[in-house]
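To start, the structure under review is shown below, and the notes come after it.
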Amino acid sequence: MDNSLYMAPMLAFTDSTFREVYFRHFSGIDRAISPFIVVSENSFYKKKAIQSLLPSLHESVPVEPQILGKDPLAFAALVNLLEEEGFQSVNVNMGCPASAVVNKGRGCGFLPYPDRIKEFLDIVMSKITIPLSVKMRTGLNSHNEIYPVIQILNAYPLSEVIIHPRLGVNKYNGPVDLDVMDDLMALIRIPIVFNGDVSRTSFYSLKRRFRSVSRWMIGRELLKDPFLAQDIKSTQERDFNVLSSMNAISTERSIIIREFHDDLLEAFSRIIKREEALVGKMKSYWYYMDSLFPERKWDIENLKRILTLDDYKKVTDRIFN
Ligand SMILES: Cc1cc2nc3c(=O)[nH]c(=O)nc-3n(C[C@H](O)[C@H](O)[C@H](O)COP(=O)(O)O)c2cc1C
């Protein structure tokens, strides 16, 4: 079974500018889910938020917009607006663990309340015509929450369900819970996308454990290891060790990473006019990219204190050379 690889939504990281530049330099990703846009209860949407989601001519990979919200009528209105803009499917966020989101009953805040999910889906599904997928965790406070939710989801013609098997209260800490995932594999009757700590060392063991899964979503590891998707695509299960050992960055690969970085800086400099904000934006990617250049730890540490573009360029020159 061929693997289909998805770029995970990461708010403030995998926006359309990043995706466009990433897809110009790296291959292997088949599909992306955009970071969420929030449903506005009064149906007023910031045009900029919508525009940053629009598939651009340069984006060579299909992008599904993700929506965060709990009001089914406002949600359906936004889906219909996105359909008018040309999108062919949408995703609902039932995984965001941020307290501000959960306290409003959105994101992961849906999961302890299966009745609310049923009511939400009843209304939304009756008002939209394009396919809907769900991205969720395996509970907010307890994995027990997920079982009644699955029974409900199974009753709707959802296009797929993306599962990140962690509890909302655990945010991004601790290991993903693969035992819960084993249970869900037997219960879910919707195509599953596995998400959570997919990396070059975990990929083939996950694949061996979850034989029927062919869709894999990668988030943080793609920022740390931008060649990951193309390396997965170019190896077979029998090359398990090859995939794990391909992470050393060759000179050729470090040139590609540099070109990607320089393109990203140029693309953001067209949008972010304030120098300090531009430098801040670029620095945020080094939080993930630092593992690419372990021998440059000191320079990368130095980046944290930098405020001007000149200094940023000087330090990144040192990192890449
Ligand atoms: C900085 C950051 C922003 C995120 N933004 C979103 C988001 O907008 N929508 C969403 O569904 N998940 C979001 N996530 C969760 C990721 O999509 C993904 O589920 C999670 O990181 C686990 O996958 P990974 O281990 O491959 O990173 C975010 C995660 C991080 C770290």
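The values are calculated or read from the model by the stated rules, or taken from the named source; none is laboratory data. Remember, predicted model here, so these are calculated numbers, not experimental data. Here Cβ is always computed from backbone atoms with ideal geometry, including for glycine, and neighbour counts include all displayed protein chains.
General remarks:
- Looking only at the stretch 87-101, residues that are within 13 Å of the ligand (Cβ to nearest atom) and in contact (Cβ under 8 Å) with a residue 12 or more places away in the chain come to 9 in all.
- Looking only at residues of the stretch 36-51 that are at pLDDT 65 or above and in contact with a helix residue (DSSP H, G or I) (Cβ under 6 Å, 6 or more places away or on another chain), we find that the one that is nearest to the ligand (Cβ to nearest atom) is Ile37.
- Of all residues making up the stretch 77-100, the number that are surrounded by fewer than 21 Cβ atoms within 10 Å (Cβ to Cβ) and farther than 17 Å from Ala8 by Cβ: 11
- Odd one out for Thr201 among (1) surrounded by 17 or more Cβ atoms within 10 Å (Cβ to Cβ); (2) under 21 Å from the mean Cα position of the chain (by Cα): (1)
- Set Leu307, Leu243, Leu278: member being crowded, with 16+ Cβ neighbours inside 10 Å and either modelled with pLDDT of 95 or more or in a loop (DSSP other than H, G, I, E, B) (or both): Leu278
- A single entry from Met185, Met181 fulfils the requirement of being surrounded by 15 or more Cβ atoms within 10 Å (Cβ to Cβ), in contact (Cβ under 8 Å) with a residue 12 or more places away in the chain, away from the ligand (no atom under 15 Å from the Cβ) and not aromatic (Phe, Trp, Tyr): Met185.
- Close pairs from the stretch 1-15: first touching a residue at least 60 places away in the same chain (Cβ under 8 Å), partner within 6 Å of the ligand (Cβ to nearest atom) and assigned to a loop (DSSP other than H, G, I, E, B), Cβ under 6 Å, at least 6 apart: Ala8/Gly219; Met10/Gly219
- Asp231 meets the conditions (1) outside any loop (DSSP other than H, G, I, E, B); (2) more than 15 Å from the ligand (Cβ to nearest atom); (3) in contact with a Leu (Cβ under 7 Å, 6 or more places away or on another chain); (4) closer than 18 Å to Lys135 by Cα in every case but one. The failed one is (4).
- Answer residue from the stretch 101-139, given it is farther than 17 Å from Ser159 by Cβ and among the small types (Gly, Ala, Ser) and is surrounded by the fewest Cβ atoms within 10 Å (Cβ to Cβ) among those: Gly105
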